[in-house]
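Taking it in order: structure first as C-alpha cells, then the write-up.
The values are calculated or read from the model by the stated rules, or taken from the named source; none is laboratory data. A quick note: this is a predicted structure, and the numbers were derived from the prediction, not measured. No Cβ is skipped: glycine too gets one built from the backbone with ideal geometry, and neighbour counts run over all protein chains shown. Only protein heavy atoms, including side chains, enter the accessible area calculation; ligands, DNA and RNA are left aside. Shrake-Rupley method; radii C 1.70, N 1.55, O 1.52, S 1.80 Å.
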Amino acid sequence: MSIIKSLKSVAIASLAILIPSIALAAGGNLEPNDPVGITFWLISIAMVAATVFFLMESLRVDGKWRTSMIVGGLVTLVAAVHYFYMRDVWVATGASPTVFRYVDWLITVPLQMIEFYLILAACTAIAVGVFWRLMIGTMVMLIGGYLGEAGFINATVGFVIGMAGWGYILYEIFAGEAGKVAAEGAPPSVQSAFNTMRLIVTIGWAIYPLGYFFGYMTGGVDANSLNLIYNVADVVNKIGFCLAIWAAATSQSEAAK
C-alpha cells in the first residue's frame, strides 16, 4: 500500500511540474500558418498525456515492472517540459532550439537505454555491464552530435563520433549481450517489446543523423523542415518506445495473476 501511495505522489508531483509549464507556454503567440510551432504544441500535450498514462498504469502492473513504467513516464515528462520551452523559442525567434533539444535528449535518451536493461532484468538474469555499455554508447552519440551541431567541433567530426556511439548501441542490442539475453531468456511478450524498441532505435533514430547530415553538413534542409521532422520523430521514438514497454508490462502482469 505504501508503494501505491508513493507512486500516486510521483504522479501528482509530475502534474505539478507540468501545469506551470503549460500555463507559461500558453502565453505565446502561436500563428495558424506556422506548422512547426503547431507541432511543438501538439507534441507537448501528447507528452503530457503520455506521462499521466504511464504513471497511472504503473499503479496496476506487477511490482517488478513498476520501475520500467515510471522511467517511461519520466521520459515523456522531461520531453513535455522541454517541448514547451522549445515551442517558445521557436515562436519568439524562429530559430532552431538546438540547446533545448539536446538537453532533452541528454536526459531522455539515456533513460530510454536504461529501459533495455530494466525490461530484461524484470524477467531474467542480466549483467549490469549491459546497462553501462548502453549508457556509454548513448553519451558518446549525444555529446559528439551536440558538439558538431553547435559548432564547437567540426561538423563532420561530430557526425562521425555520434555515428560511432549509435553503432555501438545497435551492436549491443542486436549482437551483444542484451540481444542474446532477450533472444534466449526473455518470454515472448518481452521479446516482442525488445524487438519493437530496437526497431525504433534503428529506423526511428535514423532520422536524426539524416537530419544532421542534410541540415548541418550539406545545408540541403531548411530549419522549418528539420524541426518538423525531428518533432514528428520524437513522438514515435519516445511515446511509441514506452508503449512497447507498457505492452510487455501489462502482458506479464496479467500472466502472473
Length-normalised contact order for the chain - Cα pairs under 8 Å, 6+ apart - percent: 20 percent
Residue order for Ile207, Ile119, Ile126 - accessible surface, 1.4 angstrom probe, largest first: Ile207, Ile126, Ile119
Candidate values [x] 18.9; [y] 26.8; [z] 23.2, label of the one derived for Kirkwood radius over Cα pairs in Å: [x]
Net dipole in debye of the chain [+1 Lys, Arg Cβ; -1 Asp, Glu Cβ; about Cα centre; nearest 20]: 640 debye
Assigned charges on the beta-carbon of Lys, Arg, Asp, Glu; region 173-257 dipole about Cα centre (debye): 120 debye
Carbon and sulfur %, accessible surface of region 37-87 computed with the full protein complex present, 1.4 Å: 72 percent
Local net charge near Gln112, Cβ-Cβ under 13 Å (Lys/Arg +1, Asp/Glu -1): -1
Label-point gap, in nm, between Tyr171 and Thr124 - each point 7 angstrom along Cα→Cβ: 2.2 nm
Sequence-separation-based contact order of region 134-257, relative, with Cα cut under 8 Å and 6+ spacing, percent: 22 percent
